[in-house]
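Below is one structure, written out as structure tokens, with a few remarks after it.
The values are calculated or read from the model by the stated rules, or taken from the named source; none is laboratory data. Worth saying up front: this structure is predicted, and the values here are computed from it rather than measured. Accessible surface is based on the protein model in full, side chains and every heavy atom, while ligands, DNA and RNA are left aside. Shrake-Rupley method; radii C 1.70, N 1.55, O 1.52, S 1.80 Å.
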Amino acid sequence: MTQITARMPTELVEAMDHAAKRLKRTRAELVRQAVEYYLEDLEDLTLGLERLQDPADPVLEWSEVRRELLGPDQG
């Protein structure tokens, strides 16, 4: 595993330490998990934006989607 060093504002480090203590995790575990979540979210957002910008992707009407999901009596 590779080790990295980062400079962070004192307030952020204090908040991380508080969260780590509350979660019974080390600071390193907390940072690693936060970075993993961030990268997963970034990947999801990037994919979403790519799909929104795809001119071949059809635009769906909300009433039609709702009817298909809930049935004709609910839409």
*Determine which single condition residue 25 fails, assuming it passes every other condition in (1) at pLDDT 95 or above; (2) in a loop (DSSP other than H, G, I, E, B); (3) open to solvent by less than 100 Å² (accessible area, probe 1.4 Å).*
(3)
*Output the residues belonging to segment 7-22 that are open to solvent by 70 Å² or more (accessible area, probe 1.4 Å) and either among the β-branched types (Val, Ile, Thr) or in a loop (DSSP other than H, G, I, E, B) (or both).*
7, 8, 9, 10
_Which listed residue is open to solvent by 100 Å² or more (accessible area, probe 1.4 Å) and not aromatic (Phe, Trp, Tyr), from 64, 50_ = 50
*For segment 1-54, enumerate the residues that are of a type in the set (Lys, Arg) and over 15 Å from the mean Cα position of the chain (by Cα).*
7, 21, 22, 24, 25, 27, 51
